[in-house]
Amino acid sequence: MKWEDFRRSDNVEDRRGGGGFGGGGGMRRGGLGIGGLIVVGLLAWATGINPALLIGGAEILFGGGGGESQQTSAPSGTQGAPNDQLGKFAATVLAQTEDVWTPIFQQMGKTYDKPGMVLFSGYTRSDCGAAQSAMGPFYCPLDQKVYLDLSFFQEMKTRFRAPGDFAAAYVIAHEVGHHVENQIGLLGQVQQRQRQASKSEANALSVRVELMADCLAGVWAYHANAQWRILEEGDVEEALNAASAIGDDRLQKQAQGFSVPDSFTHGSSAQRTQWFTRGLKTGDMKQCNTFQGAI
C-alpha cells in the first residue's frame, strides 16, 4: 500500500506513554483475568466496535450504572499527527478517510464531521468507558473517536495471521465506517431496536452493523485508490484475509471447536469478505445497506 507521501490528519490524540489511566498497561489484567480478557479481546475486535455500544452495555452509554467510568474524565494526550512510523501510518489512513467521506457527504447534502483518533498503550478511557488493548480497536459514538493501540497490528500478524499495511488500513477504515453509520443516525436506531429485542435478534442486528462497516471500508478503498492509486499487488488479498480471519465462524471454531450462528455478532468469514468486496468493487455507499434483505 502506498501511503508515505500523502497528508496526515491532525485529528489524532496520542496518549501513548502517558500512563493512560490507573498506571497504564498494568490495568490490563484486572477484572476478568487473562483468560476472560482474551475472549473479550477476540470478540471486541471481531465486532469492530466497543461491546458497550451494542450489546449488554446500554447502562454505560445511556447513563445507567456507569459508575466510576463516567465520573473520571478522559486523559489528554499530544494533539496532531505523530512522528513515529506506525503513528504516521494511522494518521495518513485517517486523513484519506476524511478526504473520501467529506465529498461523499457533500453529494448527499450533508456535512461530514471528521472523527478523532486516540492512540494509546495498554489502557485509557473513552466516553463509552474503558479502552484496553485486549479489547482491540473500537469506535465510541459518544465522543466520536476511534481508539487504537497500535500494537494490535502486530497481533494481526501473529494471532490472526493477517499481516500487511492494507490489512491494517482496513481495520482503521472499518472503525471509521462505524462513524459514518453514526453520522447518518444508524447506530442510535439500532441501539433502540436492540433494547427491545431478544439476544439472538440483537446479535443479528449487530451483524448487519458490522457488515455495513466492512462494506463502507471497501467504499473508502475504492475512492482512495481512484484518487491516489494507493493499492499495490497483494493489497486486496491482505484485506480479504483480515476480514476472513475475524469471521465469527472461524473465531468460534478456533476457540471451541464449533460455531453457533445465533451467537454471531459480526458475521461469518464469507459474509465479511463479501461485503468488503461489494464496497470495494462499487464504491457506492448505497450498496452497503445490510438492513435491506438477506445478508
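Using DSSP to call loops (not H, G, I, E or B), can you name the GluC sites (Glu not before Pro) in the range 204-271 whose Cβ has at most 16 other Cβ atoms within 10 angstrom?
The qualifying sites are E232, E233.
Setting aside same-chain residues fewer than 8 positions from K88, which aspartates and glutamates have a Cα under 18 Å from its Cα?
K88 reaches E4, D5, D10, E13, D14, E98, D99, D149, D165, E175.
Please order T102, T124, T277 by the number of other Cβ within 10 Å, starting at the fewest.
Going from sparsest to densest Cβ surroundings: T102, T277, T124.
What aspartates and glutamates does K281 reach when the alpha-carbon gap must be under 18 Å and sequence neighbours fewer than 8 apart in one chain are set aside?
D214, E232, E233, D235, E237, E238
Run the reach check for K199 against aspartates and glutamates, Cα to Cα strictly under 14 Å, same-chain hits fewer than 8 apart removed. What comes back?
Qualifying aspartates and glutamates at Cα under 14 Å: D262.
Read-outs: derived from the displayed coordinates by stated rules, not from any lab. Note that the structure is a prediction, hence the values are computed from the model and not measured. So basically every Cβ, Gly included, is an ideal-geometry build from the backbone, and we count neighbours across all protein chains shown.
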